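> After the structure tokens below, expect a handful of questions from me.
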Amino acid sequence: MEKCRKVPEITTAQPLLLERRVHQQEPKVSVFKSKLKKSVTCSVPRIRSTVTGFFPVMRWLPKYKVRDYICGDVMSGLIVGIILVPQAIAYCLLAGVEPIYGLYTSFYANIIYFLMGTSRHVSVGIFSLMSLMVGQVVYKEMFLAGFDLSEDSQASGPDGFNGSNSMNLTAGHLHSVELMGLQCSKECYAISIATALTFMAGIYQVLMAVFRLGFVSVYLSAPMLDGFATGASFTILTVQVKYLLGLKIPRHQGYGTVIITWINVLANIHKTNLCDLITSVICISILVAGKEIQERYKDRLKIPLPTELVVVAGATLASHFGELNSHYGSSVSGHIPTGFIPPQVPNFSLMSHVALDALPLAVISFAFTVSLSEMFAKKNGYTVRANQEMLAIGFCNIIPSFFHCFTTSAALAKTMVKDSTGCQTQVSSLVSALVVLLILLFFAPFFYALQKCVLACIIIDVPAKWRDSKNDAIVWLVAMSATALISVELGLVIGVVFSMSCVIFKTQKPKVSLLGRVNDTDIYDDVDEYANLALPARVQVIRFQAPLYYANKDTFLKSIYKIVGVEPFLEMTKRKKAEKKAKEMSQRRAKASGDNNNGDVVIGLVQGELEFHTIVLDCSAMPFIDSTGMATFKVLVKEYKEIGVRVILASCNTSVIDTLQKGQFFGKNDEDMSSLLFPAVHAAVLHANSTSELQNKLPLTEVLQIQQFHY
């Protein structure tokens, strides 16, 4: 009796196993009850913690180091206050309201942020971008209410600001709107719209803080915000051109503001006021020269040059003593009263008109505030609470809306000034508020003769921003173009959508790399990016640098086929054709030789010699997969198994592993996990080679048995 030859025992390199921790989750009902009990528990320490958390000033002010901090805070506060006054007056041109309201806004915002902010350096107040967006809404609602936007604002006398912000009109030729039972003029209606808009924006911001929706800001990428700000700057420049030239043309409403405004400007260019034009050229020249000097000698100058204040003071004196308004028809700011207007509840009937418009203001305002506070906190070595920052900026809009103010935000330029002039705490904001208060109480009427073209010169600023990244540059360009050519609100929406689309596109067309080994180490990297990398013998190591999900599964498969040079279906088809051809030839030979088997000779599958026996997928750059991605893995393993090639995974994170386990990728009870999953690429390569070497030492029939056993 013939003895059966014993099949040698297979010993393969055992993969390094990592033991997963077992996480026991508490029942959701118990977790909810625990959190609810903790939130409603009332005690003195908890009340103290809640109050001091809501008003951070109560934490840091008692610890204020007067000797160390007071000089820097006073100096930075004074400088920012001096810069703030002309800007507060100027930005009212953008917002479409009277100059006094810009001063009110700057005063109240600084006080409230002093009480509620967690950043030591951020300067909150009037901001050109917010003013532009407020002005867009104000002019739109005034146009819908029937006001003539081309008529000059009537200079209000001091008495007009001492009562309610409305007036009874008896003259039939002046248009008015009834609000809360009183007739409201053009100026009254403008600030009513602005305060209602500001109140709604503040409510949105507080709700975002309460429901912790700060993650919304992560979708506002830096290139998108830069492009949006640049597009808004072009819009600001365009809106101010009529003041620079002294033209009396209405502000365009709707889409295409930049294009329509320039058409109107060119159509009325012959009506240019030469006095305003000459003044604008002189002021812009001084402002540009001041910035150049500031930039060139910034290391030597201890404080920023007050160029804007010098321009405003000089232009006001020139306009007053030269009587430019009466002699040359130059448009001036008009009377700015002293003191404060009694508070008034924002008009709730207008809030339904501006509810949708307030949403982009709320998002942009808190995004700038939170990003600036975190940036300067990191620079100066302390931390801020993003959620408290959202609450702070929300109340910087809600409370001032009762005092005739419009939407505020953190401003980069003034924040940088505070940081560079020795600011230590928000006491500097209190000093800036006192400077504005001084103007409000005593010096506001002196700005009567200040020309509007001078204010326009202070406002305009066209930054030139371009990114090294091609993708970021495209996002910047799209956001800037949409904002400048369509509208500010739609520009924001288009910028966000396009930025997110670029991210999705990146995941659809990710980089797929063939990896090689670094000398004799266990490090593998891209052979296209690094030189002197050795490819593992008969093992293809591939890295897919994106999540694997339904949108990029085809790209994943095509990339694998292209890199390894073998598409399983085509390889199987080629082999079957070769087998069929070989069988036909065998049958013909058997018939010619008179063999009784008549071609019934068993012919095994004709196997082409491949250059590899295993594909190792490096999943270290794959953050997650969905059910489609898991099914794609299964298809890949099955297809290559049919042509004698193994597919194994390496360096998967726990999220990917969990998805694969739920989809039974490793078989029932994860029985195949040890042969399909490895903690590192090198471990997978060693396992693949050791398994292949053992199989090569055995006869073909035993190899088939082993392969059947493994698979």
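> Give the residues of the range 502-559 that are touching a His at 6+ places or on another chain (Cβ under 6 Å) and either part of a helix (DSSP H, G or I) or at positive phi (or both), sorted by residue number.
Of everything in the range 502-559, just one residue is touching a His at 6+ places or on another chain (Cβ under 6 Å) and either part of a helix (DSSP H, G or I) or at positive phi (or both), namely ARG538.
> Take GLY422 and decide whether it is surrounded by fewer than 17 Cβ atoms within 10 Å (Cβ to Cβ), farther than 30 Å from GLY491 by Cβ and in the same structural domain as ILE203 (by TED's automatic domain parsing).
So GLY422 fails the test.
> On to the next question. Got a number for residues in the range 317-349 being part of a helix (DSSP H, G or I) and closer than 30 Å to VAL122 by Cβ?
The first filter runs over the range 317-349 and keeps only residues part of a helix (DSSP H, G or I), leaving 317-322, 324-328, 348-349.
Now drop any that are not closer than 30 Å to VAL122 by Cβ, which leaves none.
So the count comes out to 0.
> Is it true that TYR561 is aromatic (Phe, Trp, Tyr) and under 18 Å from VAL647 (Cα atoms)? Write out each step before concluding.
On the way: aromatic (Phe, Trp, Tyr): yes; under 18 Å from VAL647 (Cα atoms): yes.
Yes, satisfied.
> To continue, here is another question. Aliphatic (A, V, I, L, M) and more than 32 Å from the chain's Cα centre (by Cα): which single residue out of VAL74, VAL124, VAL97 fits that description?
Result: VAL74 is the single residue among VAL74, VAL124, VAL97 that is aliphatic (A, V, I, L, M) and more than 32 Å from the chain's Cα centre (by Cα).
> Quick check, is LEU103 within 35 Å of the chain's Cα centre (by Cα), at pLDDT 90 or above and not in a loop (DSSP other than H, G, I, E, B)?
Answer is yes for this residue.
> Under 6 Å by Cβ, and 6 or more places apart or on different chains, what pairs join a residue from the range 540-569 that is free of Cβ contacts under 8 Å to residues at least 40 places away in the same chain and farther than 12 Å from GLY629 by Cα with one that is part of a loop (DSSP other than H, G, I, E, B) and acidic (Asp, Glu)?
If the second residue must be part of a loop (DSSP other than H, G, I, E, B) and acidic (Asp, Glu), the pairs left are TYR561/GLU567.
> Turning to a different aspect of this structure: Yes or no: TYR113 of a type in the set (Phe, Trp, Tyr), crowded, with 24+ Cβ neighbours inside 10 Å and over 25 Å from the mean Cα position of the chain (by Cα)?
no
> Surrounded by fewer than 21 Cβ atoms within 10 Å (Cβ to Cβ), on the phi < 0 side of the Ramachandran plot and touching a residue at least 60 places away in the same chain (Cβ under 8 Å): is that true of ALA362 in this structure? Even if it seems obvious, please write down each step before you answer.
On the way: surrounded by fewer than 21 Cβ atoms within 10 Å (Cβ to Cβ): no; on the phi < 0 side of the Ramachandran plot: yes; touching a residue at least 60 places away in the same chain (Cβ under 8 Å): yes.
So ALA362 does not fit the description; no.
> In addition: From the list ASP68, ASP73, exactly one residue is touching a residue at least 40 places away in the same chain (Cβ under 8 Å), exposed (fewer than 12 other Cβ atoms within 10 Å of the Cβ) and over 30 Å from MET142 (Cα atoms). Which is it?
ASP68
> Residue check, VAL435 against (1) touching a Phe, Trp or Tyr at 6+ places or on another chain (Cβ under 9 Å); (2) of a type outside the set (D, E, K, R); (3) more than 21 Å from PHE234 (Cβ to Cβ); (4) touching a residue at least 12 places away in the same chain (Cβ under 8 Å), all met but one. Which one?
(1)
The values are calculated or read from the model by the stated rules, or taken from the named source; none is laboratory data. In this text the structure is predicted, and so the values were computed from the model without any measurement. So basically every Cβ, Gly included, is an ideal-geometry build from the backbone, and we count neighbours across all protein chains shown.
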